[in-house]
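Just below is one structure, and these are the notes that go with it.
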Amino acid sequence: MRSLRDASTHPYPNRPIDLLPYRQMIKFQERNAWQIDTSTLRMTILECGGHIAEIVYKPAGDINPLWIQNRPTIDSDQFDPAIHGAIYGTDGEAKLISGILGHNLCFPFWGLPSKSEEAAGMTCHGETNVVRWKALETTANSLHLGVTLPDAAIYFTREIRCQAQVIYFSETARNLSAWDRPVGWCEHVTFSPPFLAVGDTSFASNLTRGFSIYDPSRRELTWPHGEEGIPHLLTGYRATHGPDLVNSFLVDPEREHGYIVAWNPRFSLLIGYIFSRVEFPWVNVWEANNTKMQTRGMEFSNTPIDGTSKKLAQQEPIWGVPAYEWLDAKAQLRKSFAAFVSLVPDGYRGVADITIGDGKLNIAENETGNIIALEWAP
């Protein structure tokens, strides 16, 4: 994907970077956020945590498929366990949970910190979620954001460009230290009501084999069959309350791209993401259905391992596929992906496959083979 500006031009900020005016800064749940608002799309990104809080496709109405908690959130850098612990808890997830919304970035690890890291102040899913991002460049349909991770000594940038029904992302992680280090990188896309609903919402992805992260035996599962105590078909959202489900699956190794997609015919709305299988070979499926939370995560990732650097470094490849990457000293990693939205017709039979070709992103329907073709211009 084309970059708005090369990340190497943004060094570690020993001296301040001159920021452009916050022309697109708004309030979302009383929190500072940037917003891209085009004729077809509205997208909102929070300043604290960089969470993608909403993606609204205007022809489908004002429906945001992404996860909005059913309680108020705060900027996580303001979290105080003495003040906020009764609402969000006081464990290693609490600081993250106080502010998380929608699609969040887990970096440089996915999951809970170790006990020593938690004691030192590290939170679940890494620093990207709890520090303030900065606007480096803005246009009517794009944002270029940057954030320094002080404890990880990494500078991270995200470039976003909206065009018609597709949102293009390019992200770069730059190691500021003189140490090689293992990193996990998970794009934690999560859906919630009203878009997420039993009997209405369906999911598709080009996945193969997987396992439950809570099962030490790593007994093999085959997509879309998931399990956490009770078997569950992951093409739908389970109707009964139960323990949280976290299953990890490999993207089809015969494909260049992986995809995740969800649709709800009641709103005539489909949303999905497409990404390089080499960059993101795993999809972590997270589901909660209890009295406090109704969510489904379809999270494309470079790791199925929920743990920090120590746990990553101890992990051998799984089925011949690496379970993390190395970010070398003073080096950088870059990854790209895209989100897309569309209306679906009455009686829609679901997604059979998604491909890219001839300048189009093609969404093929089950049974009929009908194609929804979106302009593709990365």
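The values are calculated or read from the model by the stated rules, or taken from the named source; none is laboratory data. Computed from a predicted model, the values in this text were never measured in an experiment. Methodologically, a virtual Cβ is constructed for each residue, glycine included, from the backbone with ideal geometry; neighbour enumeration extends over all protein chains shown. We work out accessible area using only protein heavy atoms, side chains counted, and drop any ligands, DNA or RNA first. Shrake-Rupley method; radii C 1.70, N 1.55, O 1.52, S 1.80 Å.
Give me the percent of accessible area attributable to carbon and sulfur for the stretch 157-199, probe 1.4 angstrom. Each step should come with its number before you reach the end.
Numbers: 640 of 1110 Å².
Carbon and sulfur together cover 57 percent of it.
A straight chain from E30 to E316 at 0.36 nm per residue would run longer than the Cα-Cα distance by 98.5 nm.
The phi-based Karplus calculation (6.51 cos²θ - 1.76 cosθ + 1.60; θ = phi - 60°) puts the 3J(HN,Hα) values of the stretch 317-329 at x, 10, 6, x, 10, x, 9, 5, 10, 9, 10, 6, 4 Hz, whole numbers, x for Gly and Pro. Per residue, the accessible area of the stretch 183-289 comes to 36 Å² when a 1.4 Å probe rolls over the protein heavy atoms. Excluding same-chain neighbours fewer than eight residues apart, the lysines reachable from K58 by a Cα-Cα span under 20 Å are K27. Note on the stretch 88-140: with neighbouring protein chains present and a 1.4 Å probe, carbon and sulfur make up 55 percent of its accessible heavy-atom surface. Converting phi to 3J(HN,Hα) with the Karplus coefficients 6.51, -1.76 and 1.60 and the offset θ = phi - 60°, the stretch 119-133 yields 5, 8, x, 6, 10, 4, 6, x, 6, 3, 7, 10, 10, 8, 8 Hz in sequence order, with x at every glycine or proline. The label point for E375 and the one for S276, both projected 7 Å from the Cα toward the Cβ, are 2.5 nm apart.
Judged by a Cβ-Cβ distance under 4.7 Å, the unpaired cysteines of the chain are C48, C124, C162. Taking every protein chain into account, the 1.4 Å probe leaves I97 with about 30 Å² of accessible area, to the nearest ten. Compute the distance in nm between two label points, each set 7 Å from the Cα along the Cα-to-Cβ direction, one at K58 and one at D328. Rounded to a tenth, the inter-label distance reads 4.6 nm. Ligands, DNA and RNA left out, the accessible area of the stretch 254-355 computed with a 1.4 Å probe is 50% carbon and sulfur. Straight-line reach from K310: taking Cα to Cα under 18 Å and skipping same-chain neighbours fewer than 8 places apart, the aspartates and glutamates in range are E117, E118, E127, D151, D180, E325, D328. Put a plus charge on the Cβ of each Lys and Arg, a minus charge on the Cβ of each Asp and Glu, and nothing anywhere else: the dipole of the chain about its Cα centre is then about 540 debye.
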